[in-house]
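Input: a single structure, listed below in structure tokens.
The values are calculated or read from the model by the stated rules, or taken from the named source; none is laboratory data. On a predicted model such as this, the values are computed, not experimentally measured, just so you know. As a convention, Cβ positions derive from the backbone with ideal geometry for all residues, glycine included, and neighbour counts pool all protein chains shown. For the accessible areas, the whole protein counts, side chains as well, though only heavy atoms, and no ligand, DNA or RNA atoms are used. Shrake-Rupley method; radii C 1.70, N 1.55, O 1.52, S 1.80 Å.
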Amino acid sequence: MTLFQIILLIFLVICAVSVSFSKNLVRSIMEFMAFSLIMSIIWLTLESPDLGITEAAVGAGVTSILFFVTLKKIHAIREGNKNEEADK
Amino acid sequence: MKKLTNKLLNWLNAEDTSVFDNAMELKMQEPKEEKEETVEQRMRDRLHIKDEVYSESETKEVKVLRIIYRTLAIILCAFIAYNLLIAVSWLPRTGEFDKPVNNEVSARYIEKGLQETGAVNIVTGMILDYRAFDTFGESNVLNIATITVLILLRRNKKKLPNEIEEKENDRLLEPKNDVILQKAATFLVPAIFLFGIYVILNGHLSPGGGFSGGAIIGAGLILYVSAFGFEKTEKFFTEKTQKVISLSALLFYCLAKSYSFFTGANELESHIPLGKAGAILSSGLILPLNICVGLVVAVTMYTFYCMFRKGEF
Amino acid sequence: MTEAFILIPVVLPIVAGLLLEFIRKLNKKTMNLCVVAVLAIEAVLVFMNMGKIGAEVELFELTDNLPIYFKIDNLGIMFAILMVVIWLLAGIFSFEYMKHEDNERRYQGFYLMVLGVLIGLDFAGNLVTFYMFYEMMTITAFPLVIHTGKKEATMAGLKYLYYSLGGAYFALFGFYFVFKYADSLTFTPGGVGINAGSHETLLLICALFMIIGFGVKAGMFPLHAWLTSAHPVAPAPASAVLSGIIVKTGILGTIRVIYYIFGTKFIRGTFVQTVWMSLALLTVLMGSTMAYKEKLLKKRLAYSTVSQISYIMFGLSLLNETAFEGSLLHVLMHGFTKCGLFLAAGAIIYKTGKTKVDELRGIGKEMPIVIWCFTILSITLIGIPPTGGLVSKWYLCMGALKSGIAVFDILGPVILIVSALLTAGYLLPITIQGFFPGDDYDYSGLEHKEPAKTMTIPLIVLTAGAIGVGLFSTPIITYIETILATF
Amino acid sequence: MGPNLWANFGEAVSMILFCIGFANLLLHKNLIKKIIGLNIMDSSIYLFLALKGYIAGHTVPIVVDGVQSVDAYINPIPSGLVLTGIVVSVSVTALMLSLTIRLYRRYQTLDLDEISKRLKKEGL
Amino acid sequence: MDFICNFPFFSIMISMFSGIVSAVLSRKAAKWLNLISIWVIWFLSAVLLYYIFGTGEIIVYKMGHFPAPWGNEIRAGLLEAGLALFFCSIMLLSMTGGRKKLMGEVVEEKHNLYYILVDLMLASLLALIYTNDLFTAYVFVEINTISACGLIMIRQNGRTIEAAVRYMIMSLLGSGLLLMGICMLYDITGHLLMSNIRDAVSSIYSAGTYPVPLTVTIILLTCGLAMKSALFPFHTWVADAYGYSTVSSAAILSSLVSKGYIILLIKIIYRVIGFEVYRASHIIDVVFVFGLAGMIMGSISAIRENDIRRMIAYSSVAQIGYIYMGIGLGTRYAMIASIFHILSHAATKSMLFIGAIGLTDVSKGSRHFEELTGSGYRHKIAGITFAVGSLSMVGIPLFSGFISKLLFAQAAVLNTRKMLPALIVLAISTILNAIYFMKTVIRIYTPTEEEGERITMKQEKVYALTCICFIALNIFIGMCSQPIVDWIGAGIDMFA
């Protein structure tokens, strides 16, 4: 287990925890995308590129798109931006 | 540090997305999006519910129940984590060769896989030839997921749809001419398609395969739609297209696999040439099956997107 | 396969009842004719079965070594005859009475079905068959209880159902254990061999459970409350058979379990016997006192049923021959008497609509036959010589004295006598008030309210039967001794 | 604790991720968070599997110039299983998201407790 | 190899094929295809059962050109074939019984989708019964879950959507645990085929290597399947899901879906872990305790309900508790009792749902007890069906419920350590059953003066026929239980 992999794994944990901590749904979905990307990189380092490609295409791609569409449907994105403006 | 602990506590009590403090997804639509009286009605409901939740009468039991539930859940999670970690600590070491996992099964896949399936990519050969039944079930999972999404989000044309569905339809927002997006899409979409087709066709030679390629093509379609709007795609992709493509692909899959299962089980000789290893047209059924899976996946992804966006094709 | 004929009396009424439920167009007269015909045929069949003692038939197996199995023995045939006779009489009575109730068809149909189930109960050859018919009886008798469909009737019916099912589950609970430890579940006189091994106490507890469970039907003390609320609400003929017959099935179950499965040796001298006896005596006393305090006529009779049935329970709990004879005699006697009393009450209610005891002043002048029958039956129940009550109670007391169990051999007879006095106290005043309403009573308002023949004749027959049991008690005793001889 | 905890660092991490996802699924009231937790749970299991197949020093199971010996390639089975699993999880995710949309259209909220309260109030 | 040996494979493929094709068919065509395929599978399973009875040997069928540890494999013994037959018949009866309701409750253009769901559900159930490979089992468990969710929310009102969400969350937790267990098992044994895993596990167990991971694996598998099959603490979704979905969905869900998971658990116990190893692990006591708790709590919450269908749903929670109690007793006899109870409960519960829907039809569509008063007179056959089902649930002799209670009691008596709690809880829960079912039956048969619409048998011939078939099935199970018990015993012996 190389140092690189270990760092990636730690990143993974950080992403997962911050997903559940972040108040803003858009942010948490961003973090989930990062999670999937890191996961695909880990799989590439684990000598299984099939999984890497698939995860990158699905987890980071289609799933996140579906998440965003859902957020738009439930009127979370607009409100979320408003909140951020309010924070500023 | 203190902030962190607070955050942790919040997380444990799940107060971060509580109903009533600034949780954005619980705000209601703008009044202009719906009739006044419905808004007032819902406001009244909301206030009423608020009273119900936080009125002195109910607060205690509700809170107690929540606390009990939370504590139980946390205890459960901690218990599971502890056990799993202990179990992991007893498992065979990662990355070493002499483990029960590396037994005659994987050995045969690796050593005879090329001759028996004709696939250079052993993983593809395994999932599409050795353990094809699982993969068949998997594509059926996709199929049935599509069915459920259709059931849920499909707008039925018979009875006139209610105003919420009307407003949910994103076709109202079109056309949106985003020049940058369209320019980028004109370059990107063909490349994405080509890449996806390459991945599908070389599924048995190189990493990837039907599923990833299909997902890539689906993503390309989605990008195309979001750049150029729906009326472009509605020209070539309708409900009929989806039905025909997925039906034919799955049907071919079903029949081909049934044929090979049947011949295999009854010790008949299946007349499917394996071809020369390494060529595109090789490895028997794997290439067409890859294509089928790719088609199904691409269509499914695009169907998901359409359904989510506007509830129709 | 001629043996299978013994099942005809079981099947016939059930089929007839079901037909009656489903055939719509059938005017009252023909229906009553059919019912009485079925009852008569039934009686004949049962009497014919007397010749077939020892006949047995096995239908099918529920699970391995749990067959549905019928066998005719003396005890069963005796109960069967009692049931079928009383059923016939009460049936005839009901034709007139049910005129002022609606949907007769349902009533008569279930009435027949219950009879069939009861006969099956008598002929049941092993515990599982017995239990099956016991449950079926509980279910089929239920419509009779709630027949009037009033709210209190439904409530009483619910009470009846829950108590009975609960009691049945008590019995079932013991049944599970017996099924493991007993050699077989077939009723064998003197008890099947029970190889308890180290689980003696467990099995004794099971025996107690089963006694209590069947005691529920017999209205024994801890679970008697259903009886006094269920019997009064039912229409009079139904309550007559309920409290004359159906409570007896509890007795039959107890006899079957104790004398035919566990065996008297297994129980004698254990705490089970003590608890059983004390419960029975408690019930005797409590029942009579409650009856004494009660103002409603039918309810008073129901309480008296509670106490009288516990006489039988007490006799059984003594576990010796004399008491056993006394109990069976009391079964017959009480069957006739209580059925007659309820019918008389029904006749009174039917003609005058009076339900309270105080309203019955001068009733004897209005319907003399009914009240005479009532009087004779009361005397029988109290046990004034030369009626049947005396004989059975005499045997019970003798058995108690013979049994030589500390305290109870004295306490038992005392309590029996006290309760007999109480019985006199709560039954005779009706007669006295009925015939001698006192000087201030104006005889002007009297008119002749004698009910129709179909009501009086069964009453008279029952009275005659009650007296007959007293007069010809010797042949009955000899018959019972044949039963005892098999132990 | 057994001897191999540090050697199985990756598996340990995947287990922790599993439990984080589990806790998300149990504790969050917001459906979107629940769904993300579900995804995290699944992909942690797939990480576990992929680590199981990994053998240090071996390469991708794609036959290059005819070398077909066990000590050249990693174990192909877990990769196949994970491929199947990813499909399942994406289908389930899509289903859950569409359920979310419907739920929001009906109740204008994503909080199951509040929804059940409103149901109690409406009494249907 | 005989041609009949293809039948398990045929039955799975036929249902999947009809599921795929129905997508483009019209409503009627889909309905007929569904009906025909179920019938065909029924006949295939019947022939298969007969054949296996004749030869008395297990059919092992390799899916593809490669033998077992490399390719997939399905395996059919006595128990599998019989269960397939039984599930087909229950599915058939539930569909025919609820079809009229379906017309009213589901949007007309989504009917063929409903039939697709049912087909794939049947396919997944058959695959769960027949498969001999753990990962295949997982994939089909997922199909089962998704199609069950579809069955719940095909009738779209707020309740069903919410119920579907709750159901999905609970069962996804369950399948996560299940998958994790499978992976760990794969790691310590290196196999995915059930037979090989059992050999490996027994060698591991005797050699004493990996004791901890083995225990954790057993815990994970059991918890996952228990969660999915609505064992007591995880039953929150049951009431809404069974209570508000369309009736054939409710019948299928309550009588087949959860049972499919339990069948899988039993397969895992016998064919993967090995009965002895499983009994040696202490998870079995936990299962026992949860089963007892479910028996009590389910009945109590059923008593508190005043909505007939929710009441039935809660009672099925209690019945699931019975089954797990039997598994927890941990003897062969108790396992036979559990499987018998799976059969009898499947028959009875679907019957109750079908009867209840008939009753609610004649009481202005309301399912509350006040409205139901006297509905037994307004709709005769439905009333009789419901009454028979209730009697069977209460455990009156002649009906199937009595036999299963009897078997449970015998099994409990044979197990000295757990005898007393099992028997006491059995008695209590039986009495509770009696309380709420008898209450309902009396309510149904309490005459009322107010005249509702009446429905006679002639108006609904199919429905009446279905009800009669249900009653006949129930009484058959109740009276001819001995051959069934022998068959189950033989099937369990074939497992090992």
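Tabulated data for the structure shown
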{"quantity": "Residue match in segment E:404-426 (condition: within 15 Å of residue C:174 (Cβ to Cβ), open to solvent by 30 Å² or more (accessible area, probe 1.4 Å) and without any contact (Cβ under 8 Å) to a residue 60 or more places away in the chain)", "calculated": "yes"}
{"quantity": "Among (1) touching a residue at least 60 places away in the same chain (Cβ under 8 Å); (2) farther than 20 Å from residue E:92 by Cα; (3) among the small types (Gly, Ala, Ser), the one test that residue E:18 misses", "calculated": "(2)"}
{"quantity": "Residue that is in contact with a Lys or Arg (Cβ under 8 Å, 6 or more places away or on another chain), more than 29 Å from residue E:84 (Cβ to Cβ), in the same structural domain as residue E:368 (by TED's automatic domain parsing) and at pLDDT below 90, where the choices are E:240, E:307", "calculated": "E:307"}
{"quantity": "Close pairs (6 angstrom Cβ cut-off, 6 or more residues apart or separate chains): at the interface with chain A (Cβ under 9 Å from one of its Cβ atoms) in segment D:100-116, open to solvent by less than 10 Å² (accessible area, probe 1.4 Å) and in a strand (DSSP E or B) anywhere", "calculated": "D:110/D:30"}
{"quantity": "Per-region count, segment B:118-148, residues outside any helix (DSSP H, G or I), more than 7 Å from every other protein chain (Cβ to nearest Cβ) and closer than 16 Å to residue D:80 by Cα", "calculated": "1"}
{"quantity": "Output for segment A:5-54, where each listed residue is more than 9 Å from chain B (Cβ to nearest Cβ) and acidic (Asp, Glu)", "calculated": "A:31, A:47"}
{"quantity": "In segment B:252-286, the residues that are among the charged types (D, E, K, R) and farther than 24 Å from residue D:63 by Cα", "calculated": "B:257, B:267, B:269"}
{"quantity": "Test set (1) of a type in the set (Gly, Ala, Ser); (2) over 26 Å from the mean Cα position of the chain (by Cα); (3) part of a helix (DSSP H, G or I); (4) over 26 Å from residue E:165 (Cα atoms) - residue D:116 fails condition number", "calculated": "(4)"}
{"quantity": "Test for residue B:132: is it open to solvent by less than 10 Å² (accessible area, probe 1.4 Å) and touching a Lys or Arg at 6+ places or on another chain (Cβ under 8 Å)", "calculated": "yes"}
{"quantity": "Odd one out for residue E:364, checked against (1) surrounded by fewer than 22 Cβ atoms within 10 Å (Cβ to Cβ); (2) within 24 Å of the chain's Cα centre (by Cα); (3) farther than 15 Å from residue C:166 by Cα", "calculated": "(2)"}
{"quantity": "Qualifying residue in segment E:220-232 (condition: within 30 Å of residue E:191 (Cβ to Cβ) and outside any helix (DSSP H, G or I))", "calculated": "yes"}
{"quantity": "Answer from E:230, E:250, E:239, E:226 - the residue that is open to solvent by less than 10 Å² (accessible area, probe 1.4 Å) and at positive phi", "calculated": "E:230"}
{"quantity": "Selection count where residues are open to solvent by 10 Å² or more (accessible area, probe 1.4 Å), more than 27 Å from the chain's Cα centre (by Cα) and of a type outside the set (Val, Ile, Thr), scope segment E:370-396", "calculated": "5"}
{"quantity": "Close pairs from segment C:11-27: first open to solvent by less than 40 Å² (accessible area, probe 1.4 Å), partner in a loop (DSSP other than H, G, I, E, B), Cβ under 9 Å, at least 6 apart", "calculated": "C:20/C:26"}
{"quantity": "Number of positions in segment E:191-210 that are at the interface with chain B (Cβ under 8 Å from one of its Cβ atoms) and over 29 Å from the mean Cα position of the chain (by Cα)", "calculated": "2"}
{"quantity": "Which listed residue is modelled with pLDDT under 85 and either surrounded by fewer than 23 Cβ atoms within 10 Å (Cβ to Cβ) or in contact with a Phe, Trp or Tyr (Cβ under 7 Å, 6 or more places away or on another chain) (or both), from E:430, E:456", "calculated": "E:456"}
{"quantity": "Test: residue in segment E:138-149 that is touching a helix residue (DSSP H, G or I) at 6+ places or on another chain (Cβ under 7 Å), open to solvent by less than 10 Å² (accessible area, probe 1.4 Å), at the interface with chain B (Cβ under 8 Å from one of its Cβ atoms) and farther than 30 Å from residue D:115 by Cβ", "calculated": "yes"}
{"quantity": "Enumeration of residues in segment C:163-179 that are within 22 Å of the chain's Cα centre (by Cα) and over 18 Å from residue C:302 (Cβ atoms)", "calculated": "C:165, C:166, C:168, C:169, C:170, C:171, C:172"}
{"quantity": "Test: residue in segment D:96-116 that is open to solvent by less than 10 Å² (accessible area, probe 1.4 Å), closer than 30 Å to residue B:109 by Cα and β-branched (Val, Ile, Thr)", "calculated": "no"}
{"quantity": "Segment C:19-47, residues that are of a type in the set (Val, Ile, Thr) and in a helix (DSSP H, G or I)", "calculated": "C:30, C:35, C:36, C:38, C:41, C:44, C:46"}
{"quantity": "Residue match in segment D:81-93 (condition: open to solvent by 10 Å² or more (accessible area, probe 1.4 Å) and touching a Ser or Thr at 6+ places or on another chain (Cβ under 7 Å))", "calculated": "yes"}
{"quantity": "Some residue of segment E:465-478 being in the same structural domain as residue E:323 (by TED's automatic domain parsing), closer than 30 Å to residue C:156 by Cα, in contact (Cβ under 8 Å) with a residue 12 or more places away in the chain and over 23 Å from the mean Cα position of the chain (by Cα)", "calculated": "no"}
{"quantity": "Some residue of segment A:19-29 being open to solvent by 10 Å² or more (accessible area, probe 1.4 Å), over 14 Å from residue D:39 (Cβ atoms) and modelled with pLDDT of 90 or more", "calculated": "no"}
{"quantity": "Qualifying position, being surrounded by 21 or more Cβ atoms within 10 Å (Cβ to Cβ) and under 20 Å from the mean Cα position of the chain (by Cα), among E:14, E:20, E:74, E:90", "calculated": "E:90"}
{"quantity": "Positions within segment E:50-79 being over 26 Å from residue B:259 (Cβ atoms) and without any contact (Cβ under 8 Å) to a residue 24 or more places away in the chain, in sequence order", "calculated": "E:50, E:54, E:55, E:56, E:57"}
{"quantity": "Helices (runs of 4 or more DSSP H) fully within segment C:279-379 counting 1 or more residues that are within 15 Å of the chain's Cα centre (by Cα)", "calculated": "C:297-318, C:321-352"}
{"quantity": "Pair list, Cβ under 7 Å, 6 or more apart: segment A:26-51 residue on the phi > 0 side of the Ramachandran plot, other residue outside any helix (DSSP H, G or I) and open to solvent by less than 10 Å² (accessible area, probe 1.4 Å)", "calculated": "A:47/D:74"}
{"quantity": "Residue list for segment D:31-66, filter: β-branched (Val, Ile, Thr) and either within 29 Å of residue D:108 (Cβ to Cβ) or within 10 Å of chain B (Cβ to nearest Cβ) (or both)", "calculated": "D:32, D:35, D:36, D:40, D:55, D:60, D:62, D:63, D:64"}
